[in-house]
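Enquirer: Take this structure first; my questions come after.
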Amino acid sequence: MRIYDMDKKRYVEVTKVDNPTTKVEQLSHALYCYENEIFDVIYDKAQPALKAHVESFGEEFLKQDEMQFLYFTSGTTGTPTGVYKTKQNSKKQAWALIDTLPKDMKFNRIVTTVPFVHIYGVDIGGVVPKEMDIDVWVKENFIPEELAVEAEVEGTLIVTTPLFIKALNRIKKDTKFKNSYFLTSTAPLSPDDAKEFKERYESSIMQLFASTETGMMAYKVDDETILRAYDCVEIGESDNMLNISSPFVAKKILNETIQKVEFPFQTEDIVEMLSEHEFKLLGRSSNLAKVAGKRISTLQIESIVENLEGVECALVKVRKDEKALRDEVLDIYVESSEEIKSKDLKVALKKVFGSMHIVFKLYNNMIITKSSVGKKIGFKDKK
Amino acid sequence: MITTADLKVKLIDGLGLEDIEVDEIGDDMALFGDDGLGLDSVDAIEITLIVEKEFGVKIKDAGEESGVFSTPNTLVAYINENK
């Protein structure tokens with residue numbers, strides 16, 4: 001297995017890299033750690049608040065025996081959660097995925113558009129080709145036309161996101177990807193988009209249903225609506241919400257302290273169970289938005305808005321725009337003594353989320369309505 | 001010939017750049033990064049789609065070497081050369 005740097009047009013070694021910044025460096029270092037069973041903490045260092053949070057623990061505290069990786073997520077309350085993985089967790093997960101790939105296709109390389117700062121990038125874009133012993137091709141910035149050229153090459157397994165599937169649907173390209181196969185992450189990809197892609201390019205997409213906390217749970221192909229759990233993942237339901245027991249989940253998790261993970265692990269995904277291994281995803285129970293592939297809490301955004309001068313109350317709603325490439329748009333309703341400017345909010349968001357581009361629409365001059373116990377329940381125009 | 005003003009109007013509209021006027025985007029302002037307009041890699045993909053749809057020009061590579069995406073000027077030059 002080798003890493004091919006598409007920008008520099010050369011193969012690079014799997015090696016230790018201090019402070020990796022490019023995708024190639026991130027992957028090289030993560031695989032070096034995986035091969036040599038060296039513990040590594042993986043997160044997006046471009047997010048200032050997350051970086052400060054992780055660094056506040058200190059390296060010695062984070063390092064745990066037998067653990068391979070510690071991934072960080074934004075978490076459901078705005079406090080990042082650290083999720084440990086053993087090497088066996090990642091390896092079993094990789095093979096569960098490999099076993100579900102079409103048996104009549106032979107893959108000789110993986111092309112990936114994703115960064116290696118989270119579990120999807122490292123575990124799927126890195127560990128899977130490592131276990132399959134095939135090359136992985138990495139490019140810092142892909143545009144749809146470039147990905148289309150790579151997808152035309154026979155035997156290519158593409159690890160990407162729904163954003164690229166939607167973008168490929170929108171370019172004018174008369175070609176087929178008959179001998180390639182696409183894997184995408186969990187972000188919304190409508191059955192219509194998946195169907196259009198299948199009909200137009202004669203290629204299939206496997207959508208992986210996963211999260212940092214649970215690892216991969218289930219998958220579906222093309223425009224299917226029913227998710228199938230991996231054979232070794234036990235699924236159940238409690239109060240309509242999915243819970244799982246999985247060999248891809250380690251027994252430790254880091255909140256403010258390191259805690260033991262109890263099984264079954266309760267997710268916040270609202271589901272309809274169809275059989276022992278099949279379910280439909282109906283939605284999410286918490287106030288989470290998906291921005292640039294990361295789940296962020298709308299409560300955290302509200303808190304940032306409410307810290308702006310003159311703001312009395314803010315309410316954030318998540319709006320899905322099926323036609324847009326971006327996952328979700330935030331509608332931000334503000335009750336304040338004076339109008340808030342988008343520019344000021346952007347500056348405040350940047351302090352927390354760094355360069356992550358959060359798309360929002362700001363509604364000033366609102367009154368946020370609350371329930372008798374103070375819960376925000378809606379908004380109305382001040383006028 | 002496409003002008004930088006034509007491009008900026010389409011970018012503001014297509015990328016949903018709230019609160020930004022055409023005059024606030026300099027012809028040589030960096031489109032990406034903290035010192036410029038602050039666009040990101042998803043915006044780059046959006047831009048390729050906007051340019052193809054609005055001006056009928058395909059951008060075939062991310063152009064790290066040629067710097068197509070660097071500024072409004074470089075992007076307009078690419079569009080006019082390939083139209």
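Enquirer: For residue B:58, which of the numbered conditions (1) more than 8 Å from every other protein chain (Cβ to nearest Cβ); (2) within 24 Å of residue A:162 (Cα to Cα) fails to hold?
Expert: (1)
Enquirer: I need every pair where a residue in region A:336-364 that is within 10 Å of chain B (Cβ to nearest Cβ) and without any contact (Cβ under 8 Å) to a residue 60 or more places away in the chain has its Cβ under 9 Å from the Cβ of a residue that is in a helix (DSSP H, G or I) and hydroxyl-bearing (Ser, Thr, Tyr), sequence separation at least 6 or different chains.
Expert: Going by the 9 Å Cβ cut-off, the qualifying pairs are A:360/A:342; A:361/A:342; A:362/A:342.
Enquirer: Name the single residue that is surrounded by the most Cβ atoms within 10 Å (Cβ to Cβ) among those in region A:26-40 being free of Cβ contacts under 8 Å to residues at least 40 places away in the same chain and over 14 Å from residue A:125 (Cβ atoms).
Expert: Residues of region A:26-40 that are free of Cβ contacts under 8 Å to residues at least 40 places away in the same chain, as a first pass: A:28-29, A:32-33, A:36, A:38-40.
Now restrict to residues that are over 14 Å from residue A:125 (Cβ atoms): A:32-33, A:36, A:38-40.
On the way: A:32: 17, A:33: 20, A:36: 9, A:38: 11, A:39: 16, A:40: 18.
Looking at the filtered set, the residue picked out is A:33.
Enquirer: Report whether or not residue A:138 is buried (at least 22 other Cβ atoms within 10 Å of the Cβ), touching a residue at least 12 places away in the same chain (Cβ under 8 Å), under 18 Å from residue A:216 (Cα atoms) and not small (Gly, Ala, Ser).
Expert: No; evaluated as a whole, the condition is false for this residue.
Enquirer: I'd like the full set of residues that are within 25 Å of residue A:177 (Cα to Cα), surrounded by 16 or more Cβ atoms within 10 Å (Cβ to Cβ) and of a type in the set (A, V, I, L, M, F, W, C), limited to region A:102-120.
Expert: A:107, A:110, A:111, A:114
Enquirer: Since residue A:123 meets every condition but one in (1) surrounded by 24 or more Cβ atoms within 10 Å (Cβ to Cβ); (2) closer than 27 Å to residue B:57 by Cα, which condition does it not meet?
Expert: With (1) surrounded by 24 or more Cβ atoms within 10 Å (Cβ to Cβ); (2) closer than 27 Å to residue B:57 by Cα applied to residue A:123, the lone miss is (2).
Enquirer: Out of all the residues in region B:61-73, is one or more β-branched (Val, Ile, Thr) and either in contact with a Ser or Thr (Cβ under 8 Å, 6 or more places away or on another chain) or at pLDDT 90 or above (or both)? Show your work before the answer.
Expert: Here is the first cut: in region B:61-73, the ones β-branched (Val, Ile, Thr) are B:68, B:71.
Checking which are either in contact with a Ser or Thr (Cβ under 8 Å, 6 or more places away or on another chain) or at pLDDT 90 or above (or both) leaves us with B:68, B:71.
Yes, region B:61-73 has at least one match.
Enquirer: When the residues of region A:365-380 are narrowed to those that are more than 21 Å from residue A:318 (Cβ to Cβ) and not hydroxyl-bearing (Ser, Thr, Tyr), which ends up farthest from the other protein chains (Cβ to nearest Cβ)?
Expert: Checking each candidate, the answer is A:373.
Enquirer: Can you tell me which residue within region B:42-83, out of those that are in a helix (DSSP H, G or I) and acidic (Asp, Glu), is surrounded by the most Cβ atoms within 10 Å (Cβ to Cβ)?
Expert: Of all residues in region B:42-83, those in a helix (DSSP H, G or I) come to B:42-55, B:72-82.
Filter once more, keeping what is acidic (Asp, Glu): B:43, B:46, B:52, B:54, B:81.
Working: B:43: 24, B:46: 22, B:52: 17, B:54: 17, B:81: 9.
Among those that are in a helix (DSSP H, G or I) and acidic (Asp, Glu), it is B:43.
Enquirer: Tell me, which strands (runs of 3 or more DSSP E) lie completely within region A:140-255 with 2 or more residues that are closer than 24 Å to residue A:103 by Cα and more than 14 Å from chain B (Cβ to nearest Cβ)?
Expert: The qualifying strands (runs of 3 or more DSSP E) are A:156-160, A:180-184, A:204-211, A:215-221, A:227-229.
Enquirer: Sticking with this structure for a sec: Give the number of residues within region A:163-185 that are within 20 Å of residue A:118 (Cβ to Cβ) and free of Cβ contacts under 8 Å to residues at least 40 places away in the same chain.
Expert: Number of matching residues: 2.
Enquirer: Take region A:6-25 and flag every residue that is in contact with an Asp or Glu (Cβ under 9 Å, 6 or more places away or on another chain), outside any loop (DSSP other than H, G, I, E, B) and surrounded by fewer than 20 Cβ atoms within 10 Å (Cβ to Cβ).
Expert: A:11, A:12
The values are calculated or read from the model by the stated rules, or taken from the named source; none is laboratory data. Owing to the predicted nature of the structure, the values given are computational and were not obtained by experimental measurement. As a convention, Cβ positions derive from the backbone with ideal geometry for all residues, glycine included, and neighbour counts pool all protein chains shown.
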